[in-house]
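Down below is the structure, laid out as structure tokens.
Throughout, read-outs are computed from the coordinates displayed, never taken from laboratory work. Only a predicted model underlies this, so the values are computations on that prediction, with no experimental measurement involved. Neighbour counts are summed over all protein chains in view; Cβ atoms, including those assigned to glycine, are modelled from backbone coordinates with ideal geometry.
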Amino acid sequence: MANLNKFGQEVGADVEGWTTRAFPEKVVLKGNTCRLEPLDSEKHGSELFSAYRKAGQELWTYVPVGPFNDLEEYLKFIKELSETKNIVPFAIINEETERAVGTLALMRIDQASGSLEVGYVIFSPELQKTIIATEAQFLLMKYVFDVLQYRRYEWKCDSLNGPSRRAAMRLGFKYEGTFRQAMVYKGRTRDTQWFSIIDKEWIYIRKTFEQWLDKGNFENGRQKRGLANIRENLLS
């Protein structure tokens, strides 16, 4: 049934008891294989720079920054990033090695509407396609939806960045559309694809991650069921 105002116009559904959401804090988020720590240039910079150097320069193709010529240049960047007002960046720590192996950040934070974006998803070769990579994403989602109680969690990427598109879909984000010529970066144009998860979808997405991360879903380090398969079964 349509929701009409007193003028007979169709309007969006009422959001009962809505209040402005808190700004994300610089917290530590702990999982089984990894933890997220507030990004710190002195604590994490050298380890991250070393981890990223194991990849080729193609790691930075679709990132607005980088590649970095030396450690000093990279430390300057993450110091500026950690001090940026509307960005809350995290280092991903491998619990087994106690080393920083990648980053994530909360950005474009709209407290009034309960919406934000995950960005600066920069994973070193040590992190790519691992259980840690998936659990790190889950830890941040849990913080956004369960603790901060935001309504909308966004993912954006260059429309030509196939790995990022596939990662978004695997994690449960829904494709929303493409903003044409949305940016100019590194001297070239970018069409930006938008994806999101909203609060009413989080219930089954959370269950999907919990079932995938369960130790019984792995044998000799290999998954028995993928995230997409688990999600489909939960929705059927």
Label-point gap, in nm, between Leu160 and Thr61 - each point 7 angstrom along Cα→Cβ: 0.8 nm
DSSP beta bridge pairing in the chain, given as percent antiparallel to the nearest 5: 90 percent
Choice from Gln211, Gln57, Gln111 with maximal GNM fluctuation in the chain (Cα, 10 Å cutoff): Gln57
Net charge contributed by nearby residues that have their C-beta within less than 11 Å of Thr178 (K/R +1, D/E -1): +1
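About the Cα centre of the stretch 1-136, what is the dipole size in debye to 20, counting +1 per Lys and Arg Cβ and -1 per Asp and Glu Cβ, all else neutral?
Magnitude of the dipole: close to 120 debye.
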Förster-model FRET efficiency, 22 Å R0, Lys54 and Ala182, C-beta, rounded to 0.05: 0.10
Dipole magnitude (debye, nearest 20) for the stretch 66-117, charges at Cβ of Lys, Arg, Asp, Glu: 220 debye
Sequence-distant lysines (8 or more away, or on other chains) whose Cα lies within less than 16 Å of Lys79: Lys26, Lys43
Sequence of Phe77, Phe49, Phe90 once ranked by neighbouring C-beta atoms within 10 Å, starting from the fewest: Phe77, Phe49, Phe90
Given Lys200/Lys224; Lys30/Lys85; Lys85/Lys142; Lys186/Lys215, the pairs whose alpha carbons are separated by over 31 Å: Lys186/Lys215
Long-range amide H partners of Tyr185 with built H, under 5 Å: Arg190
Listed residues Pro163, Pro38, Pro67, most fluctuating in the chain (Gaussian network, C-alpha, under 10 Å): Pro163
FRET efficiency estimate (nearest 0.05) - Cβ-Cβ, Gln149 to Lys30, R0 22 angstrom: 0.65
Rounded FRET efficiency, nearest 0.05, which uses the C-beta distance separating Arg108 from Lys6 and R0 of 35 Å: 0.55
Environment charge at Phe123 (Cβ cut-off 12 Å; Lys +1, Arg +1, Asp -1, Glu -1): +1
Neighbour net charge for Trp212 - beta-carbon separation under 12 angstrom, K R +1, D E -1: +4
Positive-pole candidate from Asn233, Val147, Phe195, dipole of the chain, charges at beta carbon: Asn233
Paramagnetic label zone (point 7 Å from Cα along Cα-to-C-beta, Thr20; backbone N under 11 Å) in the stretch 62-103: none
Length-normalised contact order for the chain - Cα pairs under 8 Å, 6+ apart - percent: 16 percent
